[in-house]
Amino acid sequence: MTAGSMHPAAMLRARSRARRCALQALYVWQMTGDSPADLIRQFREGEEIKKADVEYFEELVIGCLRESDSLLGAIGGMLDRPVEQLDPIERAALTIGLFELRDQPGVPFRVAISEAVELAKDFGGSDGHKYVNAVLDRAARTLRAAEVG
């Protein structure tokens, strides 16, 4: 499904599904170290991807994996523990949120944060979403200073 052929509300839902699939792919990557191409291939065969913005899913997976170290390194001072000690779901949600904040200027900062928080709520531990929210809120003040105001 491509973004250009959808109603705006359907496009937003498809983007949310792309983020959900990307979170799962980033989780798998943390566990297996599979290449971006292998991850994309695995998820393209799944049911969830059929309702997702596939192009955005691929952009997220490739971008997040390519930029993971620089994204997470840039927020090291905002974390209360080393990146390596983050819960894998929190780490994946933070990576997606940071990638959108830094490298996807067309995604409003509030959307990037709220989507990452929702991912952490849906897939993570009981309070992981609060941690993701706090870190991304701090990061947005730096990465999107003009937009945050």
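What follows draws every value from the coordinates through simple rules; no lab data is involved. What you are looking at is a predicted structure, and each value in this text was computed from that prediction instead of being measured. All Cβ positions, glycine included, derive from the backbone under ideal geometry; neighbour counts span all protein chains shown.
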Nearest-20 debye value, region 7-142 charge dipole, Cβ charges on Lys, Arg, Asp, Glu: 380
Where GluC sites (Glu not before Pro) fall in DSSP loop in region 26-134, at most 14 other Cβ within 10 Å: Glu45, Glu47
Dipole of region 7-142, positive end: most advanced residue of Tyr27, Ala112, Leu65 [Cβ charges, Cα centre]: Ala112
Pair Val111, Glu45: separation of 7 Å Cα→Cβ label points (nm): 3.2
Proxy reagent accessibility, fewest Cβ within 10 Å first, across Lys121, Lys130: Lys130, Lys121
Diffusion coefficient, µm² s⁻¹, Stokes-Einstein with Kirkwood Rh over alpha-carbon pairs of the chain at 20 °C and 1.002 mPa s: 140
Straight-distance crosslink candidates among lysines, where the alpha carbon sits under 21 Å from Lys121 and sequence neighbours closer than 8 are dropped: Lys51, Lys130
Estimated distance in nm for a label pair at Ser126 and Arg13, the labels positioned 7 Å out from Cα along Cα-to-Cβ: 3.3
Mean separation of Cα contacts under 8 Å, 6 or more apart, over the residue count of region 7-142: relative contact order %: 24
Selected from Ala22, Ala37, Ala52 as most flexible by GNM, with the chain as the system and alpha-carbon contacts under 10 Å: Ala37
Most fluctuating residue given options Gln104, Gln85, Gln24, as computed from a GNM of the chain linking Cα atoms under 10 Å: Gln85
